[in-house]
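Remarks on the structure that follows.
The values are calculated or read from the model by the stated rules, or taken from the named source; none is laboratory data. All of these numbers come straight from a predicted model, not from anything done at the bench. Cβ coordinates were reconstructed from backbone atoms using ideal geometry, including for glycine residues, and neighbour counts include every protein chain displayed. To get the accessible areas, we keep the full protein, side chains included, count just its heavy atoms, and leave off ligands, DNA and RNA. Shrake-Rupley method; radii C 1.70, N 1.55, O 1.52, S 1.80 Å.
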Amino acid sequence: MLPVKMGTLDGLARNLSATGIYFETEAAPALGSHVCFAVELTVRGQKLKLMCDGKVLRIDYRNGVQGLAAKFDNSFFPNPAEVIEVGAAWPPHTH
């Protein structure tokens with residue numbers, strides 16, 4: 001699970017993909033609304049903040065916790081030094 005911060009609300013991401021996120025929080029905005037939030041990722045031992053905005057596609061209510069599914073409109077690392085080289089951890093191809 002990854003920590004999520006949406007304004008003054010805290011949450012935990014249960015699912016994260018290139019196009020969207022599902023996270024649980026204490027309160028969720030209305031279905032179809034625009035949301036801005038940050039997801040804390042740990043990559044190679046370093047904590048990174050991924051800033052995101054998107055549209056709420058689904059809201060679930062279970063055991064006093066609200067789940068929110070959102071499709072990303074935009075996501076970025078605010079500090080250029082936090083950009084990770086894609087494939088840097090992959091071994092070279094051998095054919």
Pull up all non-local amide H partners of L2: gap of 5 or more, or a different chain, and H-to-H distance under 5 Å with H placed in the peptide plane. A13
Tally Lys/Arg at +1 and Asp/Glu at -1 over every other residue whose Cβ is under 14 Å from the Cβ of K5; what's the total? -3
Which sequence of T25, T19 reflects their accessible areas, 1.4 Å probe, from the largest down? T19, T25
Under Stokes-Einstein, region 1-71 at 37 °C and 0.692 mPa s, with its Kirkwood radius over C-alpha pairs, diffuses with a coefficient in µm²/s of 270
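How far, in nm, would the chain grow between D73 and Y22 when pulled straight, counting 0.36 nm per residue and subtracting the alpha carbon separation? All intermediate terms of the calculation are to be shown ahead of the outcome.
Numbers: separation 51, 0.36 × 51 = 18.36 nm, distance 1.45 nm.
Gain in length upon complete extension: 16.9 nm.
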V39: accessible area at probe 1.4 Å, nearest 10 Å²? 0
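May I ask you to list the GluC sites (Glu not before Pro) in region 20-75 that are in a DSSP loop and have at most 14 other Cβ atoms within 10 Å of their Cβ? Let's see the in-between values first.
On the way: sites: E24, E26, E40; in loops: E26.
Filter output for region 20-75: E26.
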Segment V43-D60, length gained on full extension (0.36 nm per residue, minus Cα span): 3.2 nm
